[in-house]
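Read the figures in this text as sums done on the coordinates, not as results from a lab. Here the structure is a predicted model, which means the values were calculated and not measured. Counting neighbours? That spans all protein chains shown, and the Cβs are built from the backbone with ideal geometry, glycine included.
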Amino acid sequence: MFPHERSLVARLKDEPFALVGVNSDDNFEELKKKEYIDEKISWRSFQDSASAPAISKQWRVQSWPTLFLIDAEGRIRQKWEGSPGDAALDAAIDRLLADMKR
């Protein structure tokens, strides 16, 4: 999903849009290299951990990836367990941005 996420960040750079990641990798040093250097991740990404309270437990994540589309008021507008596909994700984000402009 990283290539599409990078394209979303680039396409929506002038919009009220933020991409935030959460991962479940155990090794933080490996994670930093993998995501920030190898995959060229430019958005915030947090490490989920076994420490309480884990982000995945707070958000009731049952599988990876789980995606949440959250509006400017902090309301969850859509949740996907598994990738919805690039076109469906783009359409949902574009609809939300259009709604916000009205």
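Of note:
- Test result for GLU30, within 15 Å of the chain's Cα centre (by Cα), acidic (Asp, Glu) and not in a loop (DSSP other than H, G, I, E, B): no
- Sole residue being touching a residue at least 24 places away in the same chain (Cβ under 8 Å), of a type outside the set (S, T, N, Q) and over 23 Å from LEU97 (Cα atoms), chosen from ASP71, ASP48: ASP48
- With respect to the conditions (1) part of a strand (DSSP E or B); (2) out of contact with any Lys or Arg (no Cβ under 7 Å at 6 or more places or on another chain), ILE37 falls short on a single one, namely (1).
- Verdict on SER45 being loosely packed, with under 13 Cβ neighbours inside 10 Å, small (Gly, Ala, Ser) and touching a Gly at 6+ places or on another chain (Cβ under 7 Å): no
- Near pairs, Cβ below 6 angstrom, 6+ apart or cross-chain, from the stretch 24-42 (touching a residue at least 40 places away in the same chain (Cβ under 8 Å)) to any residue that is of a type outside the set (S, T, N, Q) and surrounded by 11 or more Cβ atoms within 10 Å (Cβ to Cβ): SER24/ASP48
- Residues within the stretch 5-23 that are closer than 13 Å to ASP90 by Cα, not aliphatic (A, V, I, L, M) and not in a loop (DSSP other than H, G, I, E, B), tallied: 4
- Scanning the stretch 13-50 for residues that are in contact with an Asp or Glu (Cβ under 9 Å, 6 or more places away or on another chain), of a type outside the set (Gly, Ala, Ser) and closer than 23 Å to ASP71 by Cβ yields LEU19, VAL22, TRP43.
- Positions within the stretch 40-60 being part of a loop (DSSP other than H, G, I, E, B) and either under 18 Å from GLU5 (Cβ atoms) or of a type in the set (A, V, I, L, M, F, W, C) (or both), in sequence order: LYS40, ILE41, SER42, TRP43, ASP48, ALA50, ALA52, ALA54, TRP59
- In the stretch 69-81, the qualifying residues are those that are in contact with a strand residue (DSSP E or B) (Cβ under 8 Å, 6 or more places away or on another chain) and surrounded by fewer than 13 Cβ atoms within 10 Å (Cβ to Cβ), and the one that is nearest to GLU5 (Cα to Cα) is GLU81.
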